[in-house]
Amino acid sequence: MGLPISKVNLVLRTASASRTGFGTPLFQTMSMGTINRVTSYTGTVGVGETYATAHPAYLAAKGYMSSPVTVDKFKIGRVLASLVLTPQSVAEGVVYAFSITDGANTGLCTYTAANGDDAEDIVDNLLADIATFTDIAANVTETKVGTTTTATISLVATGDFAITGITNLAEEYTATETYEASLAAIRAEDDDFWFLSSDTRTAATQDILASAIQATSKSYFTASSDADSIAANYTVADTDIASVLKTNNYSRAACMWDEDVTAFPECRYVGVNAAFSPDERSVVWDGRELVGMSVAINALGNELTSSQQAALDSRNCSYVATTSVGPRILGGKMGSGEWIDNIRTQDTIIARVGEALDTLILNQAGGKLVGGPVGIALVDAAMVKALNPFLASDALESFTTDMTAATIDPATRELSNAQFEVVLKGAIVRVSVNGTAVNQEV
């Protein structure tokens, strides 16, 4: 083989800005199951390895994954909390267990009840196990509360501490921080999500979370079983959470109503819609089937009356009702009355255009995005490329870009006054038809 005269190197300039997680939900819950604030999952199996099946995190995961077409991943965010463990079904041969960790070390605490044991015997043995793992125990204060049949274990983390695999012990959490502080800490660790839901059913806390999300480019989905929401049409004096969201004109908070919200039905609502990004497939949030959910019922056990449905409609609150094709969720609006799909489309457009422009600049490594008409034309082309998918997905009817006022500041090298305008493609969710019947002519 002869000596090469020429050498050819190929460098790929294909840097790409990360795509914001507009299809990613996050569920905020009181927990001691992880040390990190945020953990990402792709299904319920992984969640079940950390949380009991009755824990809100697992119930939310089931909701997210309930639809045949659903999200690729979801996240669980942690509210700092203390934990009380209570032995369940005390009987000979029953195994009580949990695993503890400080992130570096892991220990299994377990006890099999003997004949004649009571709750205190179980608690004493489990506390003794915790104490044997000295490195881990240094990060938690463990206390026996009560005696004989009423004994429980109280756990308060003082450092990095997590408890998983809880078996035959009932869990009761008490938040040791506000939900707003938890949300801030969650976002500081991982801000790549768009849908927020939470285990709280306290209207004041729901309002605080809705207010916090209103200042972001995210959305908050909650649920309520408040009987006041179906008692009469909305007034500004109403204090149920659906009314509060409307009164405060929150355009990034949505509420659904059901008589039973213990399984977090709002997560089913998010799961059935979140998989469809507006730049890939535009969907409305009205008329969808929430797999596994039956129609909402009132205190009499009957489907909501027309006046009760009207009361929810007046609050822009969604609910599941009987339609000609089965139970479907009706509503699809934020508290302010804006359609959920419009807000999501708006945010996705902003993100995709920004990502396209970031990518254009990043791919100039070893060169530069030139100024003048050529650079302005490249920016225009990047915007058009980012917006075109929204036409194909039926999110937009049309769009225009306008670079006539675009200017470049030589000192800051910033191009400003690049403009675009989009026309959202509307949708039909209700139809009114007028018919006429006449007699047959002889």
Looking at G93, G77, can you tell me which residue is at positive phi and in contact with a strand residue (DSSP E or B) (Cβ under 9 Å, 6 or more places away or on another chain)? G93
Need the failing condition index for D279 against (1) within 26 Å of A212 (Cα to Cα); (2) of a type outside the set (S, T, N, Q); (3) within 20 Å of the chain's Cα centre (by Cα), just the number. (1)
Working carefully through the options T70, T110, find the one that is in contact with a Phe, Trp or Tyr (Cβ under 8 Å, 6 or more places away or on another chain) and modelled with pLDDT under 95. T70
For region 334-384, enumerate the residues that are open to solvent by 30 Å² or more (accessible area, probe 1.4 Å), of a type in the set (D, E, K, R) and within 29 Å of the chain's Cα centre (by Cα). E338, D358
Is there a residue in region 84-100 that is within 26 Å of the chain's Cα centre (by Cα) and free of Cβ contacts under 8 Å to residues at least 24 places away in the same chain? no
Can you tell me which residue among A296, A263, A274 is touching a residue at least 60 places away in the same chain (Cβ under 8 Å), out of contact with any Pro (no Cβ under 8 Å at 6 or more places or on another chain) and hydrophobic (A, V, I, L, M, F, W, C)? A263
Requiring at least 2 residues that are closer than 24 Å to A54 by Cα, open to solvent by less than 40 Å² (accessible area, probe 1.4 Å) and of a type in the set (F, W, Y), the strands (runs of 3 or more DSSP E) wholly within region 92-166 are 95-101
Within region 371-391, is there a residue that is touching a residue at least 40 places away in the same chain (Cβ under 8 Å), within 30 Å of I428 (Cα to Cα), assigned to a helix (DSSP H, G or I) and not polar (S, T, N, Q)? yes
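Yes or no, residue by residue, for (1) in a loop (DSSP other than H, G, I, E, B); (2) in contact with a strand residue (DSSP E or B) (Cβ under 8 Å, 6 or more places away or on another chain); (3) modelled with pLDDT of 95 or more; (4) crowded, with 23+ Cβ neighbours inside 10 Å:
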position: Q206; (1), (2), (3), (4): no, yes, yes, yes
position: I213; (1), (2), (3), (4): no, yes, yes, no
position: D238; (1), (2), (3), (4): yes, no, yes, no
position: G271; (1), (2), (3), (4): no, yes, yes, yes
Please specify each residue of region 26-70 satisfying the condition of being within 20 Å of V270 (Cα to Cα), aliphatic (A, V, I, L, M), open to solvent by less than 10 Å² (accessible area, probe 1.4 Å) and not in a helix (DSSP H, G or I). L26
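The values are calculated or read from the model by the stated rules, or taken from the named source; none is laboratory data. All values derive from a computational prediction rather than experimental measurement. Every residue, glycine among them, receives a Cβ derived from its backbone with ideal geometry; neighbour counts consider all protein chains shown. Ligands, DNA and RNA are stripped out before the accessible areas are found, and what is left, the full protein with its side chains, is counted by its heavy atoms. Shrake-Rupley method; radii C 1.70, N 1.55, O 1.52, S 1.80 Å.
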